Amino acid sequence: MTKDWRIETQAIQGGYQPKDGDPRILPIIQSTTFKFTSAEHVAKLFDLEAGGHFYTRLSNPTAEGFETKIAAMEGGVAAMATSSGQAASSIAVMNICQAGQHIVTASTLYGGTYSLFANTFPKMGIEVTFVDPEADAATIEAAFRPETRALFGETIGNPGLNVLDFEKFAAVARKKQVPLIVDNTFPTPYLCRPFEHGANIVVHSATKYIDGHATSVGGVIVDGGNFDWGNGRYPELTEPDQSYHGLKYLEAFGKLSYIVKARVQLMRDMGACPAPLNAFLFNLGLETLPLRMQRHSENALAMAKYLEGHEAVSWVSYPGLESHKSRELARKYLPKGASGVLTFGIKGGAEAGKKFMESCALIALVVHVGDARSCVLHPASTTHRQLSAEQQVASGVTADLIRLSVGIEHIDDLIADVEQALGKSQ
Ligand code: PLP
């Protein structure tokens, strides 16, 4: 495998490398455990003195195939697959942030992540400060405390669709000596590679475009290998771990230490591991990811332009549109396309929005995005309903907002469906 391959080649040829007589395709190793003959060998595996699979909660060959490929596509050094995108975000933060510590995050987040940060982390003693991602660097810096351990943001906010100002966020993170953790679910590494713009850790909901066919829930954490964990602020990586007889992760594993710790400590203890079949499907999904992301982006741009000219639509938000507030950032960070999700405001507010959703025939009402099939949703009454009105506004949701995840069907059929549904909504 070569690091120089372009992302389209990594997507097909990266990851699993069969040897003579091996299956050509990454096999589904549907086995909880792995057989050994020597007690000494097993002891070495448990002590992390030898590498290898011994129990699927910790690692599995099918998951490894997916992890190696996505790490290569993101340009990172290592990855760990998880049972969901939520597990990926939880572990990514908890790996370096404990009770009594704190993170700063852009407020424009997926509803589940917002809730994790606003409700669950504080109950566990991890405090979270939400900042307006459009605030200037000094304002974002002012949210930091001595005990702040990470800065978090989404490359494209869901469903606000603001593009992260990597230059600003990465500069703040660097100055404050914390890693920038980026949720890259919407662009995928085909449209944006956050490590090239100063991010240090990437998380994904693999459930979305990586799977691409709405078959499996899963997530992944990728380490860019570009953060100095030895800067004195992350003793969990530099000081002895008593649960491994005093192992020091950074000393023992260097650039791989963050992912090794996430796996052998948090995955061991919390168990949010991926099913081998799901890892197989994510690996398969990655093969066509570049092609699908091109088509999603083309279709979404055409749909956004069509909606902009429609009399029943009061506004359209898509980072590929000239009128979008993040247009300059999209030009800089998403030059190949702005992915498949757009939002628009329907005249007649929440009631018209509900009628529109129910009138779509080809486009399905599902709580999902990033599927090859087009999907529609009214977030205020669904994904973001647990949030207060203020929290909804802070995360970019308004009552008239409709979210369309534009699939890879023929654009003419999609526009015809939207046309008839808009007609029925007014
Ligand atoms: N991040 C983003 C941007 C998402 O859209 C989602 C889910 O919609 C998640 C994270 C959570 O992922 P999962 O549903 O796989 O737990």
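Read-outs throughout are calculated quantities, based only on the coordinates presented, and are distinct from any laboratory measurement. It should be emphasised that the depicted structure is a prediction, and the values quoted were computed from it without experimental measurement. In this analysis, Cβ positions are derived from the backbone assuming ideal geometry, glycine residues included, and neighbour counts consider all displayed protein chains.
Just to verify a result, which residue in region 232-247, among those that are touching a residue at least 12 places away in the same chain (Cβ under 8 Å) and touching a Gly at 6+ places or on another chain (Cβ under 8 Å), is surrounded by the most Cβ atoms within 10 Å (Cβ to Cβ)? Full working, then the answer.
Keep residues of region 232-247 that are touching a residue at least 12 places away in the same chain (Cβ under 8 Å), which gives 233-234, 236-238, 241, 243-245, 247.
Next, from what is left, pick out any that are touching a Gly at 6+ places or on another chain (Cβ under 8 Å): 237-238.
Details: Leu237: 20, Thr238: 16.
My answer is Leu237.
If I go through region 268-293 residue by residue, how many of them are among the hydrophobic types (A, V, I, L, M, F, W, C), more than 12 Å from Ile28 (Cα to Cα) and buried (at least 22 other Cβ atoms within 10 Å of the Cβ)?
Taking region 268-293 as the starting set, the residues that turn out to be among the hydrophobic types (A, V, I, L, M, F, W, C) are 270, 272-273, 275, 277, 279-282, 284, 286, 289, 291, 293.
With more than 12 Å from Ile28 (Cα to Cα) added as a condition, the list becomes 270, 272-273, 286, 289, 291, 293.
Next, only the ones that are buried (at least 22 other Cβ atoms within 10 Å of the Cβ) stay: 273, 286, 289, 293.
So the count comes out to 4.
Kindly indicate the residue of region 76-120 that is of a type in the set (Gly, Ala, Ser) and over 14 Å from His204 (Cβ atoms) and also farthest from the ligand (Cβ to nearest atom) among those meeting that condition. Checked region 76-120; the qualifying residue farthest from the ligand (Cβ to nearest atom) is Gly100.
Close contacts from region 200-214, counting a first residue that is on the phi > 0 side of the Ramachandran plot and a second that is within 8 Å of the ligand (Cβ to nearest atom), with Cβ to Cβ under 7 Å and a gap of 6+ residues or different chains, come to Gly212/Gly370; Ala214/His368.
Scanning region 251-283 for residues that are without any contact (Cβ under 8 Å) to a residue 40 or more places away in the chain and of a type in the set (A, V, I, L, M, F, W, C) turns up just one, Phe253.
Considering only helices (runs of 4 or more DSSP H) fully contained in region 59-168, which possess at least 2 residues that are closer than 27 Å to Leu401 by Cα and within 13 Å of the chain's Cα centre (by Cα)? Explain how you work it out, then say what you get.
On the way: elements: 61-74, 85-94, 111-115, 137-142.
Per the criteria, 85-94, 111-115.
Restricting region 214-231 to residues that are more than 14 Å from the ligand (Cβ to nearest atom) and either basic (Lys, Arg) or assigned to a loop (DSSP other than H, G, I, E, B) (or both), the residue that is surrounded by the most Cβ atoms within 10 Å (Cβ to Cβ) is Gly224.
Hey, any hits in region 226-245 for a residue that's closer than 22 Å to Asn200 by Cα and among the basic types (Lys, Arg)?
Yes, the conditions are met somewhere in region 226-245.
Let me confirm something: among Lys336, Lys305, which residue is in contact (Cβ under 8 Å) with a residue 60 or more places away in the chain, on the phi < 0 side of the Ramachandran plot and of a type outside the set (Gly, Ala, Ser)?
Numbers: Lys305 fails: in contact (Cβ under 8 Å) with a residue 60 or more places away in the chain.
One residue alone meets the criteria, Lys336.
Within region 169-199, restricting attention to residues that are in a strand (DSSP E or B) and in contact (Cβ under 8 Å) with a residue 40 or more places away in the chain, which residue is nearest to the ligand (Cβ to nearest atom)? Reasoning before the result, please.
Restricting attention to region 169-199, the residues satisfying the condition of being in a strand (DSSP E or B) are 180-183.
Next, only the ones that are in contact (Cβ under 8 Å) with a residue 40 or more places away in the chain stay: 181, 183.
Numbers: Ile181: 12, Asp183: 5 Å.
Among those that are in a strand (DSSP E or B) and in contact (Cβ under 8 Å) with a residue 40 or more places away in the chain, it is Asp183.
Residues of region 121-134 that are in contact (Cβ under 8 Å) with a residue 12 or more places away in the chain and either more than 13 Å from Ser89 (Cβ to Cβ) or not aliphatic (A, V, I, L, M) (or both): Phe121, Met124, Gly125, Glu127, Thr129, Phe130, Val131, Asp132, Pro133, Glu134.
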